[in-house]
Each structure stands twice: as C-alpha cells, then as structure tokens.
Amino acid sequence: MTTSLQCSFVGLGAMGHAMAGHIANKLSSLQYPPLLAFNRTQARAKDLKKTHPVQVATSLEQVASSSDIIFSCLLNDGAVSETIDAMFPHLKSGTILIEQSTISPALAQSYAKKAKEVGVTYLACPVMGPPSKAVSGDLTVLMAGGNTEVRAKVMPLLIPVIGKKVIELGQDDVAESLRLKLCGNFFITSVVEMVAEGMTLGEASGVGQDKVKELLDAVFPNTLLGIYADRMLNNTYKDQIAFPITTAKKDVAHILQLAKDSGAKLPITEIFSENADKVLSDHGNYDLTSVVGNLREKAGLDFDLKKKN
Ligand SMILES: NC(=O)c1ccc[n+]([C@@H]2O[C@H](COP(=O)([O-])OP(=O)(O)OC[C@H]3O[C@@H](n4cnc5c(N)ncnc54)[C@H](OP(=O)(O)O)[C@@H]3O)[C@@H](O)[C@H]2O)c1
C-alpha cells in the first residue's frame, strides 16, 4: 500500500528512541514516507537515523506543518506543554496527536480540548513497560480518545509495533488512560517498596537477602518481584538506571494528586515517596530500587550490602 500519510515522532529519550525505531520500520514496510524524527537535542535524532529509516526534522514547526500523525514521548508535563505549544499554531486540521508521555490527566484533557477546537484529534496513549521492553517492542499501550475511525488508522502503527497489547479506554475522556497509567505506576512503586522491605527484613534478621531472592524466585517465578530483588541483591541500582528516582517521584506526585481528587488513601505510596526523597537527598538519582538502601540504613546496615562469597 502506498500512501502520502506523513508520520512524525517527537522525543527520542530512553523510551522514545526505541518506540520511534519500531514505528519507522513499520512505516517503511508499508511504503509510507519515512518517519520524521525530532528531539530537542538533535544529536539523538541523528543517532536514530544511523540505524533506522527516518528523516531528521530540524524544528517543531516543520513537524507540525508537515505531519498527519504525530507521536510524542516526553519527560513530563513541562516538556509536553513546551512541545505542543510550539507546534500548535502550525498544526494542520485533521492531524492526529498520539501523546505517549506519563503526564497529569488534567493536562491531557486541556490539550485534547484545545486540539478539538482546531480540528486536531488528541489521543492519550501512555505506555507500561521499561526501556528494555520498548526495545523489544513489548510495551502495553493504554489508549483513550479518538473515535473508531481514528483508532483504526493508528492502531496498525502501534500494535504489534511498539507493543503486543493495547488496553482501550473511552473515546470522550483522554484522561482515562492516564488515570489507568497512574494505577499501573502505583503498583510498580508499591512492589518496589514491598520487595525492599522484605529484602531488608531478611538481611537484618540474619537470613540473608540472597535467600529472600531465592524464595521470591521459587514462590513468584518470572515476576517483577525477582527483577527488583536482583537489582537490590547486586546493588546495580547506581549504574543501571532503568527508572530514575526523579521520574518515579514525578509519577508519585501525579498518583497522590489522583488519590486526593478521588478520595482514595495510598499509604504505601506515601512511604515509598519518603524513602525515595531520602535516597535523592543523601545519595543521588539512582534507579528506584535503591530505596532499599534507605531501609537498610534504618535497620543499622550499610546502604549497599557487600555480596557474600
Ligand atoms: N523509563 C521508563 O521506564 C518509562 C516507562 C514508561 C513510561 N515512561 C514515560 O515515558 C516518558 C519518557 O521517558 P524516558 O524514560 O524516555 O525519559 P528520558 O530518557 O529522560 O527522555 C526524555 C525526553 O524528553 C525530552 N525533553 C525533556 N525535557 C524537555 C523539554 N523541556 N522540552 C522538550 N523536550 C524535552 C528529552 O529531550 P532531550 O534529549 O533534549 O533531553 C527526551 O527526548 C516519561 O513521561 C516517562 O514517565 C518511562
């Protein structure tokens, strides 16, 4: 199938670089025009071009004025606002924005409203899964906004491209997918807190965190429990940062706001947040599994535990 439909991807960070690469390959296989790739730091777009069929865009105006579908995956609310505001005056009527960052539900709603006023469709499609799953094309996509026709157009560019599973939510309220994403990150941060507490209990009580990890692998095989326990056991949270504490804190702020707005109580998130703050202030911006170090210190142990021979 040959088409003149022009797609772009904005935001080529740890997640976006891999997602854009998969989409570029898909477009190429469909004989669409090459993906226009844009990143605030242009070197990252040039880097993507070395391995994938993309054209490097040099400005957001170029992206906005020439695209029919624009994907974005950016750091936070501020980055999304700056980027969409810069594109907004140049967007063509009929353009589809597929925003994939983890941002506040309210911000997504406000841009969806503004977009509708100028004939642009805004879909909120945040993703679940770490950068390694973005690389393997195994993310879970949460989709809200866009009517049936729009979804039929964009779905083949997302599934099975950046992920194998989509969870479809309402067409009228784009905030639904972001609320679900925040529920998802509630589980991630809570599981990290739980594993950190259990690993600390095992070590402090003399059982040994290596035995706690062995038990987790036996009782809960092939789950995040074992993955997080492994990072804690081997102290890899300082040099292999899959999910930085600052990004987790950004998500925690959205989670706590959502809880406040909806009257839910989240004591585990409050505790995780305190532990994360302490690691940030006393040690650095490591992977979120480093909260275990704070719990170890509270138990009279070292932040990093020496491995047993
Ligand atoms: N990492 C994960 O495990 C994970 C998993 C699921 C979802 N997410 C979400 O996915 C999004 C991207 O995460 P990531 O891990 O890819 O982050 P990242 O590696 O830090 O990349 C952030 C991207 O945002 C851009 N950016 C930052 N501030 C900007 C600004 N003010 N204006 C324009 N662009 C700006 C960066 O551009 P520069 O290159 O110029 O800095 C970069 O392209 C976040 O919302 C995150 O919460 C992350």
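The apolar share of the surface of the stretch 7-172, taken as the fraction of accessible area on carbon and sulfur atoms (1.4 Å probe, ligands and nucleic acids excluded), comes to 53 percent.
For the chain, how big is Rg over Rh, using alpha carbon atoms and the Kirkwood form of Rh?
With Rg and the Kirkwood Rh in hand, the quotient comes to 1.02.
Remark on Ser8: its backbone amide H falls under 5 Å from those of Leu36, Ile69, Ile70, Phe71, a criterion applied only to residues 5 or more positions apart or on other chains, H modelled at 1.01 Å from N. Full extension of the chain between Ser281 and Asn234 yields a length gain of 14.7 nm, computed as 0.36 nm times the residue separation minus the alpha carbon distance. Restricting to the chain, what percent of DSSP beta bridges are antiparallel, rounded to 5? Counting only bridges with both partners in the chain, antiparallel ones make up about 15 percent. Taking amide hydrogens as placed 1.01 Å from N in the peptide plane, the amide H of Thr95 sits under 5 Å from those of Thr121, each at least 5 positions away in sequence or on another chain.
Here the Karplus curve 6.51 cos²θ - 1.76 cosθ + 1.60, taken at θ = phi - 60°, turns the phi angles of the stretch 226-241 into couplings of x, 5, 5, 4, 5, 4, 6, 4, 9, 6, 8, 5, 8, 10, 10, 9 Hz, with x standing for Gly and Pro. Charges were assigned to the Cβ only: +1 to each Lys and Arg, -1 to each Asp and Glu. The resulting dipole of the chain about its Cα centre is roughly 640 debye.
Computing FRET efficiency as 1/(1 + (r/R0)^6) for Ser205 and Ser132, where r is the C-beta to C-beta distance and R0 is 30 Å, gives about 0.40. The order of the peptides 246-254, 101-109 by mean Cβ neighbours within 10 Å, most packed first, is 101-109, 246-254. Taking a ≥ b ≥ c as the square roots of the eigenvalues of the alpha carbon gyration tensor, the stretch 179-298 is prolate, as a/c is not under 1.5 and a/b beats b/c.
At a probe radius of 1.4 angstrom, the accessible area of the chain per residue rounds to 46 square angstrom. For GluC sites (Glu not before Pro), no site in the stretch 143-212 is both called loop by DSSP and has at most 15 other Cβ atoms within 10 Å. So what are the ³J(HN,Hα) numbers for the stretch 152-158, from phi and the Karplus equation (6.51, -1.76, 1.60; θ = phi - 60°), rounded to whole Hz, Gly and Pro as x? For the stretch 152-158, the Karplus curve yields 5, 6, 8, 4, x, 8, 10 Hz. Would the stretch 1-146 count as rounded, prolate or oblate if I go by the C-alpha gyration tensor, calling it rounded below 1.5 in a/c and otherwise prolate when a/b exceeds b/c, oblate otherwise? Rounded, since a/c falls under 1.5. Our coupling estimate for the stretch 53-58, obtained by passing each phi through the Karplus curve with A = 6.51, B = -1.76, C = 1.60 and θ = phi - 60°, is x, 10, 10, 7, 8, 9 Hz, Gly and Pro reported as x. Could you tell me the distance between the Cα centroids of the stretch 103-160 and the stretch 1-38, to the nearest Å? Comparing the Cα centres of the stretch 103-160 and the stretch 1-38, I get a distance of 15 Å.
The values are calculated or read from the model by the stated rules, or taken from the named source; none is laboratory data. From a predicted model like this one, the values you see are computed outputs, not experimental measurements. When we count neighbours, we look across all protein chains shown, and the Cβ atoms used for this are built from the backbone with ideal geometry, even at glycine. Side chains included, ligands, DNA and RNA excluded: accessible areas come from the protein's heavy atoms. Shrake-Rupley method; radii C 1.70, N 1.55, O 1.52, S 1.80 Å.
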